[in-house]
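Here, each number is a calculation from the coordinates, and none is a lab measurement. Bear in mind the structure is a predicted one, so any value in this text is a computation, not a measurement. Ideal geometry is used to build each Cβ from the backbone, glycine not excepted, and the neighbour counts take in all protein chains shown.
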Amino acid sequence: LCVIQAILGSVWERQIGDDFQLYIPWESDVDNPDLIAFLLFFSYIILLNTLVPISLYVSVEFIRLGQSLLINWDLDMYYSKFDTAARARTTTLNEELGQIEYIFSDKTGTLTQNIMTFLRCTVGGDLYGMPLDQTDGNKPSSMSAPPAESNAPPRIDFPQECKYGEKSFVFYDRNLLDQSRDSAASPHMFFMVLALCHTVMPERREDGKLVYQAQSPDEAALVSAARNFGLVFLDRTPSTIKVDFHGKELVYELLCILDFNNVRKRMSVIVRCPDGQVRLFCMR
């Protein structure tokens, strides 16, 4: 840019600049256009010194954007079981991955997958959910098949029971679903805590499907459980939380968030309910 400007300045001085010497005379030590072009080169270096870093920064950002798109389109990172592709949430992800030198696995020598599933819960001293496997008292029954007893309840069809219900969510105890619809019952308040006390971010896909993005799989499992039982976390802003209760949208004013830490070992939120009451919801 500086060379081009210097050449153009020299051409202008040769063809037009002589006519303006009466108003803009040359310096006493400047006697030809070539010298003026030489001086203009350094003048434009000073004038354009801020333009080059900005253009370089923009160019680097475009390169980062292209690399993040390549990550999103990488078929080797596509997980067909859940129809999920890789997603670069920041343009600096490629640079951060490039800094990795070592990957430490657990003691078994394999990389594990942490999957959390909502199977049972205890509310007000009452136990809800699938029974324990008779062969192993610490192992829940199969998540994909109903209990083996002949009088076992049928699997709940959550997409039919709730607008935002998930087909993949498995639960057989209908008593918990019925009580969650009663705003005066303890299960309703239990799922209200799950729907409000978290750091999950909702996302609407192009097909209208509601998807949750959570920092931990256990948090996502709890919010998804509340979703299937009719208390659906829809959206959040810095000051509000929107929840759908069986087709009725409720907006809670978010007054304060007490994040989870190793000292308290719990997370709490203070909200103003639609009826005007201020409540504290706490989850350990």
With x for Gly and Pro, the residue-by-residue ³J(HN,Hα) of segment 234-239, computed from phi through the Karplus equation 6.51 cos²θ - 1.76 cosθ + 1.60 at θ = phi - 60° and given in whole Hz, is 9, 7, 9, 10, x, 10
Sum of side-chain charges, HIS246 neighbourhood, beta-carbon under 10 Å (Lys, Arg +1; Asp, Glu -1)
+1
Add +1 for every Lys or Arg and -1 for every Asp or Glu among the other residues with Cβ under 15 Å from the Cβ of ASP259, and state the total.
+4
Taking the mean number of other Cβ atoms within 10 Å as a proxy for protection, how do you rank 72-80, 177-185 from highest to lowest?
177-185, 72-80
Out of residues 5 or more away from LEU255 or on other chains, whose amide H comes under 5 Å of its own, with H placed 1.01 Å from N in the peptide plane?
ILE270, VAL271, ARG272
For LEU231, residues with placed amide H under 5 Å, excluding near neighbours:
none
